[in-house]
Amino acid sequence: MNKDIAEGKWKQMKGSIRENWGKLTDDDVDEIGGRKDNFLGKVQEKYGMSQEDAEKEWDKLHNS
């Protein structure tokens, strides 16, 4: 996936993240910046999820 496609996909994902992950602030979403490891860390921190569950959530977002 080239950088332009990845950035476009991230812009779409940001809306889904804001809708579904209300505990994540706009700053959190900006910090995540489309990077899986950042998303996993934030979700684990804010929601107390296991890494495995956070990865499943990332996959749901990324495949929608």
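Only one entry in Ser50, Ser64 is modelled with pLDDT of 95 or more and open to solvent by 40 Å² or more (accessible area, probe 1.4 Å), namely Ser50. Residues in region 6-40 that are open to solvent by less than 40 Å² (accessible area, probe 1.4 Å) and without any contact (Cβ under 8 Å) to a residue 12 or more places away in the chain: Gly8, Gly15.
The values are calculated or read from the model by the stated rules, or taken from the named source; none is laboratory data. As the structure is a prediction and not an experimental result, all values here were calculated from the model. Counting neighbours? That spans all protein chains shown, and the Cβs are built from the backbone with ideal geometry, glycine included. Calculation scope for accessible area: heavy atoms of the full protein, side chains included, ligands and nucleic acids excluded. Shrake-Rupley method; radii C 1.70, N 1.55, O 1.52, S 1.80 Å.
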